[in-house]
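In what follows, a structure is listed as structure tokens, so that the remarks can point back to it.
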Amino acid sequence: MLIQFVNPLNSSPFPILECIHIVGFALSIGTIAIVDFRLLDIGMRRQTPAQLAKDTAVWTLVGLGIMLLSGMALYSSDPDMYYLNYAFLGKMLFLILAITFNYTIHRKVVASGASPGKTRVVAWISILLWMGVVFGGIFIGFLNPTLDLKKV
């Protein structure tokens, strides 16, 4: 009797879920980046950062919802591959930090109209946290699914 290994990457719903996941990321991170670039005084100068954040808030939440729901579906396709992967664990750490930062410090600074120095620091922290999420996602496929450092 031959036991056949089924790679979740080859199953038909996985690539579709992956595309949906990326669309959710693009929507949420894109809207957050618009506000961050405005905090850095790059583009959209006719609107305040607070107004941009208000205008994009619904789209940010929709993107986060799509990303989180599709991410849970992707994770359920092969939990062992994910929870034993350093890139996935890093992605989850950055995701928690980025969402927490976005809905606490970032939101407060955007609404307050803080000094340019403070807004720049907050914008760069936000951008770097979200880049950590993206790069963690990219590297999931390139790292061995193991927490054994001898096999990495």
Average accessible surface area per residue within the range 23-85, 1.4 Å rolling probe, Å²: 54
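If you average over every viewing direction, what projected area does the convex hull of the Cα atoms of the chain give, in nm²?
Working: hull surface 43.1 nm².
If I average the Cα hull's projected area over directions, I get 10.8 nm².
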Over the chain: helical MRE at 222 nm, DSSP H runs n ≥ 4 each giving -39500 (n - 2.57), nearest 500: -24000 deg cm²/dmol
Accessible heavy-atom area order of 32, 127, highest first, probe of 1.4 Å: 127, 32
Length gained when the stretch residue 92-residue 112 is fully extended (0.36 nm per residue, less Cα-Cα span): 4.3 nm
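With the full set of protein chains in place, find how many percent of the accessible area of the range 57-152 is carbon and sulfur; take the probe as 1.4 Å.
Values: 4300 of 5730 Å².
In the range 57-152, the share of accessible area belonging to carbon and sulfur is 75 percent.
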Kirkwood hydrodynamic radius (C-alpha pairs) into Stokes-Einstein, the range 46-116, 37 °C and 0.692 mPa s, D in µm²/s: 231
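The values are calculated or read from the model by the stated rules, or taken from the named source; none is laboratory data. Please read all numbers here as calculations on a predicted model, not as lab measurements. With ligands, DNA and RNA removed, areas are computed over all heavy atoms of the protein, side chains included. Shrake-Rupley method; radii C 1.70, N 1.55, O 1.52, S 1.80 Å.
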